[in-house]
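*Asks:* Shown below is the structure under consideration.
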Amino acid sequence: MSSQRNRSTEEQRPAGPRPARLAAAAALTAVEGLLLVGFGLYMLVMGLFGHPGSPTQAETGGVTLLLLGAIPLIAARGLLLLRRWSRGPAIITQIMAVPVAWTLVTSGGAVTVAGVALGAAALTVLVLLVNPRATEALGIAPRDA
């Protein structure tokens with residue numbers, strides 16, 4: 001049974017080199033994940049050792065960002081390893097980032113730049129992940145195939 005499972009996994013794994021588009025999508029997704037983890041750690045530390053208005057809210061927000069940051073990091077690793085499943089979490093992460101970027105852009109002030117950067121990164125990754133060469137490298141065949 002185990003050998004059959006290993007064989008079927010090997011057969012599903014696409015052959016060939018990783019397209020540059022897929023590597024770029026993985027890199028941008030990883031950067032987003034690292035930023036989420038960084039902000040989560042900051043909120044957690046400030047909630048524990050700083051003087052926030054609501055320590056519980058800061059700690060909860062920090063833990064939430066840490067958990068949310070794990071999703072794009074795992075997806076980025078999967079994209080680098082050409083794992084078919086990784087495309088879904090990476091796309092969902094980008095779709096969730098678009099309204100966040102819009103909120104930052106419309107807030108005004110210094111966060112506008114962060115919103116523009118996040119929006120550009122999210123749209124770029126979406127375009128890269130729906131590219132036919134990327135889907136082919138991940139072993140995702142067109143519907144008519």
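*Asks:* Would you calculate a helix-derived [θ] at 222 nm for the chain, using -39,500 (n - 2.57) for each DSSP H run of n ≥ 4 and dividing by the full residue count, to the nearest 500?
*Replies:* When only DSSP H runs of four or more count, the value is -26500 deg cm²/dmol.
*Asks:* Additional query: Treat every Asp and Glu Cβ in the chain as -1 and every Lys and Arg Cβ as +1, leave all other atoms uncharged, and give the resulting dipole magnitude about the Cα centre to the nearest 20 debye. Kindly include the intermediate steps, with their values, before the conclusion.
*Replies:* On the way: 11 positive and 6 negative charges, 104 e Å.
My answer is approximately 500 debye.
*Asks:* Counting only C-alpha contacts under 8 Å and six or more residues apart, can you give the relative contact order of the stretch 50-130 as a whole percent?
*Replies:* That works out to 21 percent.
*Asks:* Viscosity 1.567 mPa s, temperature 4 °C: Stokes-Einstein D of the stretch 35-117 from its Kirkwood Cα radius, in µm² per second?
*Replies:* For these conditions, the coefficient is 92 µm²/s.
*Asks:* A further question follows. I'd like to compare 135-141, 122-128: which one has the highest average count of other Cβ atoms within 10 Å, and what's the full order after that?
*Replies:* Final packing ranking: 122-128, 135-141.
*Asks:* Another one. Could you pull out the trypsin sites (Lys or Arg not before Pro) across the stretch 84-145 that fall in loop regions by DSSP (anything but H, G, I, E, B) with no more than 10 other Cβ atoms inside 10 Å?
*Replies:* Qualifying residues, ordered by number: Arg143.
*Asks:* Would you mind getting the accessible area per residue of the chain, heavy atoms of the protein chains only, 1.4 Å probe, in Å²?
*Replies:* The answer is 64 Å² per residue.
*Asks:* First compute the accessible area of the chain with a 1.4 Å probe, then give the percent of it belonging to carbon and sulfur atoms.
*Replies:* Whole-percent figure for carbon plus sulfur exposure: 68.
*Asks:* Determine the shape class of the stretch 46-89: with a ≥ b ≥ c the square roots of the Cα gyration tensor eigenvalues, call it rounded for a/c under 1.5, and otherwise prolate if a/b is greater than b/c, oblate otherwise.
*Replies:* It comes out prolate by the Cα gyration axes.
*Asks:* Throw me the Rg/Rh for the chain, computed over C-alpha atoms with Kirkwood Rh, two decimals.
*Replies:* The Rg/Rh ratio comes out at 1.09.
*Asks:* Kindly give the semi-axes, whole Å and largest first, of the ellipsoid equivalent to the stretch 13-81, taking each as the square root of 5 times a Cα gyration tensor eigenvalue. Spell out each step's value before the answer.
*Replies:* Working: eigenvalues 229, 17, 7 Å².
Calculated on Cα positions only, the semi-axes equal 34, 9, 6 Å.
The values are calculated or read from the model by the stated rules, or taken from the named source; none is laboratory data. Keep in mind that this is a model prediction, so the values were computed, not measured. Positions of Cβ are backbone-derived with ideal geometry, glycine not excepted, and every protein chain shown enters the neighbour counts. We work out accessible area using only protein heavy atoms, side chains counted, and drop any ligands, DNA or RNA first. Shrake-Rupley method; radii C 1.70, N 1.55, O 1.52, S 1.80 Å.
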